[in-house]
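Novice: Questions regarding the structure given below will be posed in turn.
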Amino acid sequence: MALFLSIVSYFIQFYSFLIVVFALMSWLPGAANSWLGREISRVVVPYLRLFRFIPTVASIDFSPIIALLVLQFVMKLLSSLL
């Protein structure tokens with residue numbers, strides 16, 4: 001059980017990293033159109049769509065922040081189980 005929780009924890013950390021990279025790519029012109037950008041988008045965008053109900057403010061999308069907070073909450077929950 002501990003091994004499974006540890007693997008899930010590493011997966012959540014890696015996925016959080018991908019979300020941060022995806023958000024930073026939006027600042028670089030053409031980064032989202034690169035091969036790496038398309039692959040990261042393919043993995044991250046379905047999860048971020050769950051949080052698209054949050055309105056943008058001054059053209060800033062807060063869904064990656066909320067998505068990261070949810071992942072951190074899940075990490076805390078998993079660490080309490082360990």
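Novice: Compute the accessible area per residue over the chain, keeping the other protein chains in place, probe 1.4 Å, unit Å².
Specialist: For the chain, the per-residue accessible area is 72 Å².
Novice: As an exercise, take the mean of 1/r over every pair of distinct alpha carbons in the chain, invert it, and state the Kirkwood radius in angstroms.
Specialist: The Cα-based Kirkwood calculation yields 13.8 Å.
Novice: Normalising by the residue count of the chain, find the relative contact order in percent from Cα pairs under 8 Å and 6+ residues apart.
Specialist: Dividing the mean separation by the residue count of the chain yields 34 percent.
Novice: More than 12 Å apart: what percent of Cα pairs in region 1-45 qualify?
Specialist: Result: 62 percent of Cα pairs exceed 12 Å.
Novice: Take the eigenvalues of the Cα gyration tensor for region 37-78, scale each by 5, and report the square roots as semi-axes in whole Å, largest first.
Specialist: Over the Cα atoms of region 37-78, the semi-axes work out to 19, 16, 8 Å.
The values are calculated or read from the model by the stated rules, or taken from the named source; none is laboratory data. Predicted, not measured: the structure shown is a model, and the values here were computed from it. What goes into the accessible areas is simple: the full protein's heavy atoms, side chains included, and nothing from ligands, DNA or RNA. Shrake-Rupley method; radii C 1.70, N 1.55, O 1.52, S 1.80 Å.
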